[in-house]
């Protein structure tokens, strides 16, 4: 395993231990996302600052806020990494309120979308981004009403921050979906999410879909099957890695195996598919210092890193929510 990957994994593992010590009741995957948020910035988790930011968050946001619950540790991690935690929270909640305009129900996914807008430096353009996001969601719902739901907001905002026009996005999204669903039959929701992630990158739809399929097959050939459920979307973040599919799959699998031997990432903490997703996050993030090249096109490293991070955040929150729902049902 490359030294850069090993170093990032070690920091991720150490950060998880620090966060788990301070938040031992927290869902393992959510704690891992918070740990990764610090690791991506080459920072050790500062639990004391996390606690301070948590106090600020709880003072500003009520118990039923979508920035509490499963999202709370992720939000406070981002606040802790900010030079001005209160300002970061104000920006994010301000963008969220704009997302909520005309909506009755609160939304965890719109909260994540608000964070995405701020994390890519688009808070000042929030009105335009949200308008475009809503246009994309409207087009998606028209084409696939049974596949489009509130959770798609987190991915749709990634599409909205691109320079592509809405009609171009929707055409490419549909083309990508039609290509991928032949490969992943009976997994339409996950395929649609993966299609959205792929469409957020520049490049030819067929080329991007083909590379995603090749990487998926490479995982299977390496004996490390990639999940076809909520984790599938994260596969799309690997298409920007310049290495070949076999090398990409091998590095992610090796990274996941390295993580597996540590508390927080072992068999009792998360499933194999989720661990592969974290391996994907590390490998995709390691390539974010330079521009990702997709065919003849380029996507900025900053946006690519945010795509990888936000996709993993969404997947972890969905997994945590599913786990909570299952637990409540069994009780």
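Only the coordinates and a few stated rules stand behind these numbers; no lab work does. Computed from a predicted structure; not experimentally measured. Heads up, the Cβs are rebuilt from the backbone with ideal geometry, glycines too, and the neighbour counts pull from every protein chain shown.
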So for region 58-102, using the alpha carbon gyration tensor with a ≥ b ≥ c as root eigenvalues (a/c under 1.5 gives rounded; past that, a/b versus b/c decides prolate or oblate), I'd call it oblate
Work out how much length residue 247 to residue 146 would gain on full extension: take 0.36 nm times their residue separation and subtract the Cα-Cα distance, in nm to one decimal. 32.7 nm
Residue 185-residue 63 pseudo-label distance in nm [points 7 Å out on the Cα-to-Cβ vector]: 5.0
With the chain treated as a Gaussian network of Cα nodes joined by springs under 10 Å, which of 59, 138, 272 yields the largest mean-square fluctuation? 59
For region 1-63: rounded, prolate or oblate by the Cα gyration tensor [a/c cutoff 1.5]: prolate
Cut-off is 10 Å between beta-carbons; in what order do 270, 277 appear when sorted fewest neighbours first? 270, 277
Rounded if a/c is under 1.5, else prolate if a/b beats b/c, else oblate: with a ≥ b ≥ c from the C-alpha gyration tensor eigenvalues square-rooted, which is the chain? rounded
How would you rank 153, 93, going from fewest to most other Cβ atoms within 10 Å of each one's own Cβ? 93, 153
For 120, 92, what's the fewest-to-most ordering of other Cβ within 10 Å of each Cβ? 120, 92
At residue 168 and residue 103, where each label point lies 7 Å from the Cα along Cα→Cβ, what is the point-to-point distance in nanometres? 2.7
